[in-house]
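Visitor: Structure provided below as structure tokens; questions to follow.
The values are calculated or read from the model by the stated rules, or taken from the named source; none is laboratory data. Being a predicted model, the structure only gives us computed values, none of them experimental. Here the Cβ positions follow ideal geometry from the backbone for every residue, glycine too, while neighbour counts run over all protein chains shown.
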């Protein structure tokens, strides 16, 4: 397998090598492998230790499989979004619509697909005993066995409560609508198009065995590697740093062969309220969100007995970090992967794209640029490539947004308060009621979700809701 590497500075490579060496030594892991992706290309890989813990044992590399635990959930979420984009389901659909009888057999028929994706369904964190991660999936042959007699722990849609059984349900949903096994669908629709040939449901040599490390002595205990059965969509997969580097690029950019950029961006947006005890963390549609070192990261952590894994992507920096270890506990893999991103960003910050003029400029669009006022508050409208607009508050506070041009002459908000809202330029028309200084066809104001933006603060010639005092602006009256 060949990978394309762009040279990092020696100081950057040294810092990355030191970071994983520290993680492996202080975390007492038999082995640690890691990778950094920059602008979609793998630019660094590193490995420390041996997969069997012996000094002369086998050294891992970018093609060595490790179990990735709950990073598997990101793949399951993509399969569900693919079904949505094909029109086979809506994220607001109750489960009962696609799995008839779910309400009777499991008691979760009214839970929506979006709630399952974002862990706001209220389902329990784990399946009933015995612990599913160390026992064969054959012990839980049906969804009723996975969910148990009392599957709900919270009212659906009220709180974020991480649920492994929830992703078992999503896997069963995929199987029902595709008519094939979850793993078959995943391999054909996702792994093969993205060239992820070393990601699989079962281990394929070369792979690292899972180990537990004694807390008070440097000795090892082998961990079982069970087939999780119905729980597979929550944590079954094995993968490599090379394959996860490809997955990181997909999570940053999307891929039309699998899921387009807009749908992947939807996955990255917060879909669940953060826990007040951990406000730096959040959850999208199948993706964890974190705020570390002043940057927003998206991806997922993962663990199964004998393995730890993390993948973090910073779209702002154009970077991703992947870290895998074959230990049940020890190295703080979430911090390791985010540190790989931080180190690379600090040593070699992303170069801004060179400025270039727009290839063309519609005079009607240019006429929309410049200052606008919401009441007395000043805003600036800028024109970007592709007929896009950006509204920026000039007072340091206010509701700004980027807007995408639509075919009907309106724009749709892409982020912030106005995400999904419609921006519509309103033009003067010839006829009674026109002001003397308003030429027919001139944009008199912008209508943004019922808010009116005018060219002058509270412009009396525009359709300001509630009207404008006829006496206009005035000084403070003198004291009597």
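Visitor: Residues of the stretch 29-59 being crowded, with 20+ Cβ neighbours inside 10 Å and modelled with pLDDT under 95, which ones?
Guide: 51
Visitor: Where in the stretch 260-352 are the strands (runs of 3 or more DSSP E), entirely inside, with at least 3 residues that are more than 25 Å from residue 18 (Cα to Cα) and within 20 Å of the chain's Cα centre (by Cα)?
Guide: Working: elements: 281-283, 288-292, 295-304, 307-314, 319-325.
Filter on the stretch 260-352 gives 281-283.
Visitor: Sticking with this structure for a sec: Which numbered condition trips up residue 87, out of (1) outside any helix (DSSP H, G or I); (2) in contact (Cβ under 8 Å) with a residue 24 or more places away in the chain; (3) within 24 Å of the chain's Cα centre (by Cα)?
Guide: For residue 87, the failing item is (2).
Visitor: Okay, moving on. Just to be sure I understand, how many residues within the stretch 80-106 are touching a strand residue (DSSP E or B) at 6+ places or on another chain (Cβ under 8 Å) and surrounded by 17 or more Cβ atoms within 10 Å (Cβ to Cβ)? Before you say what the answer is, go through the steps one by one.
Guide: Filtering the stretch 80-106 down to residues touching a strand residue (DSSP E or B) at 6+ places or on another chain (Cβ under 8 Å) leaves 81-82, 85, 91-95.
Then drop every residue that is not surrounded by 17 or more Cβ atoms within 10 Å (Cβ to Cβ), which leaves 81-82, 91, 94-95.
The number of residues fulfilling the criteria is 5.
Visitor: Follow-up question, since we're still on this one. Would you tally the residues in the stretch 329-358 being surrounded by fewer than 20 Cβ atoms within 10 Å (Cβ to Cβ), more than 24 Å from residue 11 (Cα to Cα) and in the same structural domain as residue 312 (by TED's automatic domain parsing)?
Guide: The qualifying residues number 1.
Visitor: Spot the failing condition for residue 249; the list is (1) in contact (Cβ under 8 Å) with a residue 40 or more places away in the chain; (2) surrounded by fewer than 23 Cβ atoms within 10 Å (Cβ to Cβ); (3) not in a helix (DSSP H, G or I), and only one is missed.
Guide: (3)
Visitor: Looking for whichever is part of a loop (DSSP other than H, G, I, E, B), surrounded by fewer than 19 Cβ atoms within 10 Å (Cβ to Cβ) and under 26 Å from the mean Cα position of the chain (by Cα) here; the options are 150, 180, 126. Which one fits?
Guide: Numbers: 150 fails: under 26 Å from the mean Cα position of the chain (by Cα); 180 fails: under 26 Å from the mean Cα position of the chain (by Cα).
Result: 126 is the single residue among 150, 180, 126 that is part of a loop (DSSP other than H, G, I, E, B), surrounded by fewer than 19 Cβ atoms within 10 Å (Cβ to Cβ) and under 26 Å from the mean Cα position of the chain (by Cα).
Visitor: Every residue in the stretch 303-312 that is surrounded by fewer than 24 Cβ atoms within 10 Å (Cβ to Cβ) and within 13 Å of residue 333 (Cα to Cα), please.
Guide: Just the residues of the stretch 303-312 that are surrounded by fewer than 24 Cβ atoms within 10 Å (Cβ to Cβ), to begin with: 303, 305.
The one that is surrounded by fewer than 24 Cβ atoms within 10 Å (Cβ to Cβ) and within 13 Å of residue 333 (Cα to Cα): 303.
Visitor: Oh, and also: Do you know which residues across the stretch 206-238 are in contact (Cβ under 8 Å) with a residue 60 or more places away in the chain and more than 25 Å from residue 146 (Cα to Cα)?
Guide: Passing the criteria: 206, 207, 208, 209, 211, 212, 213, 218, 220, 222.
Visitor: Ok, one more. Which ones in the stretch 325-349 are more than 11 Å from residue 303 (Cα to Cα), at pLDDT 95 or above and touching a helix residue (DSSP H, G or I) at 6+ places or on another chain (Cβ under 8 Å)?
Guide: Residues satisfying the conditions are 336, 339, 340, 343, 344, 347, 348.
Visitor: So, one more: Quick test for you: out of 135, 197, 168, pick the one residue that is in contact (Cβ under 8 Å) with a residue 12 or more places away in the chain, in the same structural domain as residue 242 (by TED's automatic domain parsing) and surrounded by 20 or more Cβ atoms within 10 Å (Cβ to Cβ).
Guide: 168
Visitor: Are any of the residues in the stretch 190-212 part of a helix (DSSP H, G or I) and touching a helix residue (DSSP H, G or I) at 6+ places or on another chain (Cβ under 9 Å)?
Guide: So far as the stretch 190-212 goes, yes, one or more of its residues are part of a helix (DSSP H, G or I) and touching a helix residue (DSSP H, G or I) at 6+ places or on another chain (Cβ under 9 Å).
Visitor: Looking at the stretch 90-114, which of the residues that are part of a helix (DSSP H, G or I) and in contact with a helix residue (DSSP H, G or I) (Cβ under 7 Å, 6 or more places away or on another chain) is nearest to residue 252 (Cα to Cα)? Write out each step before concluding.
Guide: Here is the first cut: in the stretch 90-114, the residues part of a helix (DSSP H, G or I) are 95-98, 102-105, 113-114.
Filter once more, keeping what is in contact with a helix residue (DSSP H, G or I) (Cβ under 7 Å, 6 or more places away or on another chain): 95-96, 98, 102-103, 105, 113.
On the way: 95: 29, 96: 33, 98: 30, 102: 35, 103: 37, 105: 39, 113: 23 Å.
Among residues in the stretch 90-114 that are part of a helix (DSSP H, G or I) and in contact with a helix residue (DSSP H, G or I) (Cβ under 7 Å, 6 or more places away or on another chain), the one nearest to residue 252 (Cα to Cα) is 113.
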